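Colleague: Let me begin by handing over the structure; questions about it come next.
Each value in this text was obtained by applying a stated rule to the coordinates, not by laboratory testing. No experiment lies behind these values; they were computed from the predicted model shown. Note: ideal-geometry Cβ built from the backbone for every residue, glycine included; neighbour counts use all protein chains shown.
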Ligand code: EPZ
């Protein structure tokens with residue numbers, strides 16, 4: 001199955017369930033490497049990223065048992081060993097997760113080999129912050145032709161790091177290294193996303209000593225030994241918001257079981273300003289089209305607690321159906337509007353700009369990045385043949401095809417499997433009309 005023939009024009013309505021957050025579960029599995037005992041992670045979704053991390057951990061001698069239906073993954077890191085470079089290479093290009101194995105592997109084995117990384121093409125995706133952090137802990141970083149070799153002949157020493165930007169990955173890199181380093185580590189300008197806080201919860205359960213201050217300063221006191229953990233992953237707020245935007249774009253009504261208000265406050269405020277309706281209860285959130293015109297808005301993405309960059313693409317599809325001019329200023333990634341080309345081909349009126357529109361100057365201002373978009377609506381969408389560009393853009397293309405009149409062919413949908421569990425089953429549950437190719 002790598003394409004869907006989608007018959008648009010049917011509102012999505014019904015109930016779906018989101019399980020553990022894609023951008024947390026992989027990191028928690030890597031954290032298990034640091035422990036001397038077994039760990040159990042619950043609410044793990046059946047997505048490709050989890051398969052990639054399981055494969056990498058097994059390569060290093062970790063026993064991984066997975067029950068997909070119950071979402072339980074058990075990890076036994078007691079026989080960790082150095083993997084063969086050739087085997088690791090088979091995972092090259094599959095995701096960005098391998099970079100987070102560095103700290104844990106250097107602590108356990110004295111070295112780590114990281115293949116060239118993958119991940120969505122939404123910008124250059126550098127790892128300079130990660131490598132600088134490892135060097136500051138005293139690691140030696142050697143670039144080889146097929147990847148990076150990290151060693152620490154004298155062990156890893158606690159350090160003080162000032163992040164140029166509150167990078168999620170770099171914050172995770174530091175956490176996974178500092179917890180077992182010698183002495184104190186301090187991180188300024190740290191990322192504070194809910195997924196980061198859940199990773200800190202996991203590490204504390206293992207025996208780590210970590211404090212988080214309101215001024216984005218994280219302090220870690222290295223310990224000699226970490227145990228295992230048992231933890232239920234927080235729900236995926238990106239997937240929940242993706243379905244909420246799908247409800248708006250298709251005039252639908254979707255109950256997202258598992259969605260948690262606390263992680264989505266900024267999204268919910270924006271959803272309400274666009275005119276969407278939502279009802280919150282203990283088990284999830286019901287997202288509804290209001291049955292009247294949606295409102296255009298000015299939106300700027302930012303690090304947590306701002307409007308998340310991954311929420312932007314699905315919402316842009318809903319904004320093509322809102323009356324007036326909407327402005328979206330993407331400040332986290334420099335190249336995250338590529339998906340709008342297909343929307344324009346389907347009849348949307350979207351123009352992208354190099355300028356920082358609608359908000360403050362960001363890192364990408366006055367450089368050659370088209371990181372602001374103006375969307376004029378409402379515009380009826382027509383079916384088209386679409387090639388999915390990346391994970392979140394791909395989901396947006398699916399929403400657009402579902403909102404469009406006519407039948408679209410959406411190719412490359414395996415990319416969507418990376419981050420949306422059983423999404424064709426969910427589309428079916430919501431009444432979407434499509435065939436798998
Ligand atoms: C994580 O990516 C997520 N991925 C992304 O989700 C998410 O959009 C992003 O955090 C921001 O919330 C995973 O967790 C697997 P960053 P990450 O480091 O850690 C620059 C999705 O669709 N940067 O916070 O790679 C970087 O270029 C994905 O689920 C450096 O310059 O994001 C970007 O402009 C997409 N040097 C900014 O920081 C570095 O060494 C934020 O990146 C690292 C990052």
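Colleague: Fewest first, what order do 256, 161 take by the number of other Cβ atoms within 10 Å?
Modeller: Ranking 256, 161 by Cβ neighbours within 10 Å, fewest first, gives 161, 256.
Colleague: Specify the angular offset, from 0 to 90 degrees and rounded to the nearest 10, of the alpha carbon long axis of helix 168-178 from the longest principal axis of the alpha carbons in the chain.
Modeller: Helix 168-178 and the main axis of the chain meet at about 20 degrees.
Colleague: Shifting gears a bit: What FRET efficiency comes out for residue 354 versus residue 87 if R0 is 51 angstrom and r is the Cβ-Cβ distance? Round to the nearest 0.05.
Modeller: With R0 = 51 Å, the Cβ-Cβ based efficiency is 0.75.
Colleague: If you don't mind, another one. Nearest 5 is fine: what % of DSSP beta bridges in segment 297-437 come out antiparallel, could you say?
Modeller: Antiparallel bridges make up about 60 percent of those DSSP assigns within segment 297-437.
Colleague: Need the C-alpha centroid separation for segment 177-199 versus segment 409-437, integer Å.
Modeller: 36
Colleague: Right, something else. Antiparallel versus total DSSP beta bridges in the chain: what percent is that, nearest 5?
Modeller: Taking every DSSP beta bridge within the chain, about 70 percent pair in antiparallel fashion.
Colleague: Points 7 angstrom from Cα along the Cβ direction at residue 125 and residue 96: gap in nanometres?
Modeller: About 0.7 nm separates the two model spin labels.
Colleague: How large is the translational diffusion coefficient of the chain in µm² per second when you combine the Kirkwood radius over alpha carbon pairs with Stokes-Einstein at 37 °C and 0.692 mPa s?
Modeller: Translational D for this selection: 147 µm²/s.
Colleague: Also, quick follow-up: Take 6, 344 and order them by how many other Cβ atoms sit within 10 Å, fewest up front.
Modeller: 344, 6
Colleague: Another question about this same structure. Using only helices, what value at 222 nm comes out for the chain when you add -39,500 (n - 2.57) per DSSP H run of length 4 or more and divide by the total residues, to the nearest 500 deg cm²/dmol?
Modeller: It lands at -8500 deg cm²/dmol.
Colleague: Report, in cubic angstrom per residue, the convex hull volume of the C-alpha atoms of segment 183-257.
Modeller: 97
Colleague: From the C-alpha gyration tensor of segment 274-342, pull out the three semi-axes of the equivalent ellipsoid (sqrt of 5λ each), sorted largest to smallest, in whole Å.
Modeller: Ellipsoid semi-axes (Å, largest first): 22, 17, 11.
Colleague: Distance from the Cα centre of segment 261-326 to that of segment 27-82, in angstrom?
Modeller: The distance from the Cα centre of segment 261-326 to that of segment 27-82 comes to 34 Å.
Colleague: At 0.36 nm per residue, and after removing the present C-alpha to C-alpha distance, how many nm does the segment from residue 162 to residue 223 gain when stretched out fully?
Modeller: Full extension of this stretch gives 19.8 nm more.
Colleague: Counting DSSP beta bridges in segment 22-223, what percent are antiparallel, to the nearest 5?
Modeller: Taking every DSSP beta bridge within segment 22-223, about 85 percent pair in antiparallel fashion.
Colleague: Provide the gained length on full extension for the span residue 367 to residue 51, in nm with one decimal, where the gain is 0.36 nm per separating residue minus the Cα-Cα distance.
Modeller: Extra length from residue 367 to residue 51 when fully extended: 110.0 nm.
Colleague: Further, regarding this structure: Once you have all Cα-Cα distances for segment 311-437, histogram them in 5 Å bins from zero and send the whole-percent values.
Modeller: 2, 11, 20, 22, 19, 13, 8, 3, 1, 0
Colleague: Starting from 0.36 nm per residue, how many nanometres of slack lie between residue 272 and residue 435 once their C-alpha separation is accounted for?
Modeller: Once the chain is fully extended between residue 272 and residue 435, it gains 55.4 nm.
Colleague: Run the numbers on segment 58-168 and let me know its relative contact order in percent, using alpha-carbon pairs under 8 Å that are six or more apart.
Modeller: Computed over segment 58-168, the figure is 20 percent.
Colleague: Is the shape of segment 22-223 best called rounded, prolate or oblate, per the rule: a/c under 1.5 gives rounded, else a/b larger than b/c gives prolate, else oblate, with a ≥ b ≥ c the square roots of the Cα gyration tensor eigenvalues?
Modeller: Rounded, since a/c falls under 1.5.
Colleague: Quick one: helix 391-403 against the long Cα principal axis of the chain, what's the angle to the nearest 10°, folded into 0 to 90?
Modeller: The two axes meet at around 20 degrees.
Colleague: Along the Cα-to-Cβ line of residue 132, 7 Å from the Cα, sits a label point; which residues in segment 162-188 have backbone N less than 19 Å from it?
Modeller: 162-178, 185-188
Colleague: What is the order of 308, 29, 192, fewest Cβ neighbours within 10 Å to most?
Modeller: Ordered from fewest to most neighbouring Cβ atoms within 10 Å, 308, 29, 192 come out as 192, 308, 29.
Colleague: Here is a follow-up. Given bins 10 angstrom wide, list per bin the percent of all Cα-Cα distances in segment 44-99, short to long.
Modeller: 23, 51, 25, 1
Colleague: For the chain, find the longest principal axis of its Cα atoms and tell me its angle to the long axis of helix 48-59, 0 to 90°, nearest 10.
Modeller: Helix 48-59 and the main axis of the chain meet at about 10 degrees.
Colleague: Okay, moving on. So what are segment 147-301's ellipsoid semi-axes, whole angstrom, largest first, if each one is the square root of 5 times an eigenvalue of the alpha-carbon gyration tensor?
Modeller: Gyration-tensor ellipsoid for segment 147-301: 39, 17, 13 Å.
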